[in-house]
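Asker: Pasting a structure below so you can have a look.
The values are calculated or read from the model by the stated rules, or taken from the named source; none is laboratory data. Keep in mind it's a predicted model, so treat the numbers as computed, not measured. Note that each Cβ is placed from the backbone with ideal geometry, even for glycine, and that neighbours are counted across all protein chains shown. To get the accessible areas, we keep the full protein, side chains included, count just its heavy atoms, and leave off ligands, DNA and RNA. Shrake-Rupley method; radii C 1.70, N 1.55, O 1.52, S 1.80 Å.
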Amino acid sequence: MLTLISVVVAAIIFEYSNGFHDAANAIATVVSTRVLTPRKAIAMAAFFNLTGALFGGAVASTIGKGLVDTDIVTMTTVLSAVIAAFAWNIATWWLGLPSSSSHALIGGLCGAALAAARGNWSVIKWNAGMWPKVVVPMITSPLAGFILGGLLMFLLFVALRPFTPHFIHSLFGKLQIFSAAWMAHSHGTNDAQKTMGIITLALFTGTKAGSFDHLPDWLHFLKTPVFALPKWVIGLCALTMAIGTAAGGWRIIRTLGHRMVKLQPVHGFAAETTAAVIIQAASYYGIPLSTTHVITTSIMGVGAVKRFSGMKWTEVERIIWAWLFTLPASGLIGYALARAAAAL
């Protein structure tokens, strides 16, 4: 029971860190273009992350039972995975790098499961889960963000050529509020689901192991004999994501909204709309996408169309290195934590 409490607490802390770590995903452009003040932008992002988190469950199922063999998973495995993801989140947040909370959690889970299986790589569901729903989207979704963001920006340039800069700025200053809200909502439909899946996996594992057989009646809501998201888990994770988002992520907001490229409202609208479409589609198909990857490359695509030489490519290079290291680094941390726990 103590292990379960530790898992839930650690998962909620991770979800909170996910909220402030990824707050920039939805609002960096709307802040940098001065369409909204930071305080108003964060309040809006918190609300729409909450609404997004309350919908769907396909991503949670992928995280909870689609990536590793649940027969080998224990609550200690889940706890190691969450702590590993949280540690990587905090490290990259401190450095101001928009790395992927999703990939940190996935890497931590795979590393911890590998440790539980004593190095047996078959515990990871490569063909059914990791390759089609993590590795391939990790490559294709940033490319899609860059290409579609650039394409939408180019089409907007062509369509808006007859209009004055004042009209364009005024129009997209309003439209960008809606695109930022949609981006926040789509972030909630994908990212909040991951922690729901982890907590449900812990409940499912504990129920299967008989850990809840002797609980008093008032704790029977913990029993999860089949992998299905309990309503209390959905509500808890959604609320935590919203509170975390409300805390803000100023370091990463500065990186995304100011350091890579200087944006105007029309550019912010193009980047946010592109990212929201891609993330929403991924959530529908149960793909635990990196929302960070998508919005960052959408900004890159928009910025490259605006002025290719205006992109600060040294900053982009730092971000890409953070992406590349996230899965293996969090996996190694998860593996080490699980092995250390087993040795105690």
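Asker: Based on the alpha carbons, how large is the Rg to Rh ratio for the stretch 93-159 when Rh follows Kirkwood?
Answerer: That ratio equals 1.19.
Asker: Does the stretch 54-94 come out rounded, prolate or oblate by the C-alpha gyration tensor, with a ≥ b ≥ c the root eigenvalues, rounded set by a/c under 1.5 and, if not, prolate when a/b is larger than b/c and oblate if not?
Answerer: Taking the square roots of the gyration eigenvalues as a ≥ b ≥ c, the stretch 54-94 is oblate.
Asker: Consider all pairwise Cα distances in the chain and report the whole-number % of them above 31 Å.
Answerer: 30
Asker: Here is a further query. Using Cα pairs under 8 angstrom and six or more residues apart, how large is the relative contact order of the chain, in percent?
Answerer: Taking the mean separation of contacting Cα pairs over the length of the chain, I get 39 percent.
Asker: Now for a different question. Taking only Cα atoms of the stretch 62-177, what ratio of Rg to Rh do you get with Rh as the Kirkwood inverse-distance radius?
Answerer: 1.21
Asker: Helix-only estimate, please: 222 nm mean residue ellipticity of the chain, summing -39500 (n - 2.57) across DSSP H runs of length 4 or more and dividing by its residues, to the nearest 500.
Answerer: Helices in the chain give a 222 nm mean residue ellipticity of -25000 deg cm²/dmol.
Asker: Using 30 Å as the Cα-Cα cut-off, could you pick out the over-long pairs in 40/194; 65/174; 40/223; 40/133; 125/306?
Answerer: Going by Cα-Cα distance, 65/174; 40/223; 40/133; 125/306 fall outside the 30 Å limit.
Asker: For residue 209 and residue 321, what is the calculated FRET efficiency with R₀ set at 41 Å and r taken between the beta-carbons, to the nearest 0.05?
Answerer: 0.55
Asker: For the stretch 20-162, which whole percent of the accessible surface, found with a 1.4 angstrom probe, sits on carbon and sulfur atoms?
Answerer: Heavy-atom surface of the stretch 20-162 belonging to carbon and sulfur, 1.4 Å probe: 71 percent.
Asker: Which chymotrypsin sites (Phe, Trp or Tyr not before Pro) does the stretch 144-253 hold that lie in a coil by DSSP with at most 12 other beta carbons within 10 Å?
Answerer: 163
Asker: When 1/r is averaged over all different Cα pairs and the result inverted, which Kirkwood radius in Å belongs to the stretch 121-248?
Answerer: 19.1
Asker: Can you tell which of 299, 72, 13 shows the greatest fluctuation in a Gaussian network model of the chain with Cα springs below 10 Å?
Answerer: Comparing 299, 72, 13 in a Gaussian network model of the chain, the most mobile one is 72.
Asker: What number results when the radius of gyration of the stretch 1-82, computed over Cα atoms, is divided by 2.2 N^0.38 Å?
Answerer: Scaled against compact globular proteins, the figure is 1.41.
Asker: While we're looking at this one, here's another question. Mean Kyte-Doolittle hydropathy of -1.0 or higher plus an axial Cα length of 20 Å or more: which whole DSSP H helices in the chain meet both?
Answerer: Helix filter hits for the chain: 2-32, 38-53, 75-94, 101-116, 136-159, 165-208, 231-247, 265-284, 291-306, 313-343.
Asker: May I ask you to list the trypsin sites (Lys or Arg not before Pro) in the stretch 84-181 that are in a DSSP loop and have at most 16 other Cβ atoms within 10 Å of their Cβ?
Answerer: Hits after loop and neighbour filter: 118.
Asker: In debye to the nearest 20, how big a dipole does the chain give about its Cα centre with +1 on each Lys and Arg Cβ and -1 on each Asp and Glu Cβ?
Answerer: Value, rounded to 20: 860 debye.
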